[in-house]
Amino acid sequence: MEILSAIIQMLGGLAMFLYGIEVMGDGLKNSSGAALKKVLEKVSGNLLTGVLTGTLVTAVIQSSTATIVLAVA
């Protein structure tokens, strides 16, 4: 019974995490739009600056998955 409870809690936490990523991505797109696109093009134009920017963003939001989702979105 404890295993079932742990699985349900894990799936609930994962669902909340994915929903939070979606909401954060939508909010970021709505608030910045073209300005964010220009900034991302500027900081990721060079391989070194792209890696450093990705590392910094991942460190700030504490999730490499969220960083990838935001970059793709």
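A few comments on the model shown:
- Hey, Val69 at pLDDT 75 or above and either assigned to a helix (DSSP H, G or I) or aromatic (Phe, Trp, Tyr) (or both) or not: no
- Some residue of segment 22-32 being touching a helix residue (DSSP H, G or I) at 6+ places or on another chain (Cβ under 6 Å), in a helix (DSSP H, G or I) and at pLDDT 80 or above: no
The values are calculated or read from the model by the stated rules, or taken from the named source; none is laboratory data. Note that the coordinates shown come from a computational prediction; the quantities given were computed from them, not determined experimentally. As a convention, Cβ positions derive from the backbone with ideal geometry for all residues, glycine included, and neighbour counts pool all protein chains shown.
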